[in-house]
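Reading through the structure tokens given below for one structure.
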Amino acid sequence: MMHDNNKTGAPEALDVRVLTSIGGNSGLASPLVRRLLGLFRQEASKLVHGIEYALAAQDQEALLRHSHTLKSSSASIGAQALSQVARDIEQFARQSELAEAGALTGALLAESARLMAALNALEPQLMSVPAEIQD
């Protein structure tokens, strides 16, 4: 499990237990987990950029759509910290408080970067598939 060594009490970027449970008997080595994370990386990057663009364009509907999708997809892989920031942005967008949503851009980018670093650190475990477990 990824542990943050910070003293701020900030939540982990990634709860690996969620991914392990998705992988079933193969855990992190499951091809399903590798595929899911590959798709997540692509989509999360697009969603973060979409949120930034929606804020710059003052597009409330796009902001709602992108933040809602990022919130859900992040939670589904165990990225609760990123999911929480996306949820906060979604709430502000829902209330037409785009300036407040925009104020969370730094936190969004920081959490996204922290999650991608956690996923990069996890990469070796995703590639090690014992022969007896291969699907």
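Hey, E123 hits all of (1) at pLDDT 95 or above; (2) surrounded by fewer than 19 Cβ atoms within 10 Å (Cβ to Cβ) but one; which does it fall short on?
So the condition that E123 fails would be (1).
Of a type in the set (G, A, S), part of a loop (DSSP other than H, G, I, E, B) and surrounded by fewer than 15 Cβ atoms within 10 Å (Cβ to Cβ), is that true of S45?
no
Would you check which residues across the range 69-83 are surrounded by fewer than 21 Cβ atoms within 10 Å (Cβ to Cβ) and either in contact (Cβ under 8 Å) with a residue 40 or more places away in the chain or more than 16 Å from V48 (Cα to Cα) (or both) and list them?
S76, Q80
For E52, which of the numbered conditions (1) touching a residue at least 12 places away in the same chain (Cβ under 8 Å); (2) crowded, with 18+ Cβ neighbours inside 10 Å; (3) touching a Ser or Thr at 6+ places or on another chain (Cβ under 8 Å) fails to hold?
The failed condition is (2).
Which of the following residues is assigned to a helix (DSSP H, G or I) and modelled with pLDDT under 95: S67, S72, S26, S76?
S26
Any residue in the range 96-121 that is free of Cβ contacts under 8 Å to residues at least 60 places away in the same chain and part of a helix (DSSP H, G or I) sitting within a Cβ distance under 6 Å of a residue that is crowded, with 16+ Cβ neighbours inside 10 Å and of a type in the set (V, I, T)? List the pairs, counting only those 6 or more apart or interchain.
Sorted first by the residue in the range 96-121, then by its partner, the pairs are A101/I89; A107/V85.
State whether the residues of the range 98-110 include one that is β-branched (V, I, T), within 20 Å of F40 (Cβ to Cβ) and either surrounded by 17 or more Cβ atoms within 10 Å (Cβ to Cβ) or modelled with pLDDT of 95 or more (or both).
No, the range 98-110 has no match at all.
The values are calculated or read from the model by the stated rules, or taken from the named source; none is laboratory data. If you're wondering where the values come from, they're calculated on a predicted model, not measured in any experiment. Glycine also receives a Cβ, built like all others from the backbone with ideal geometry; neighbour counts cover every protein chain displayed.
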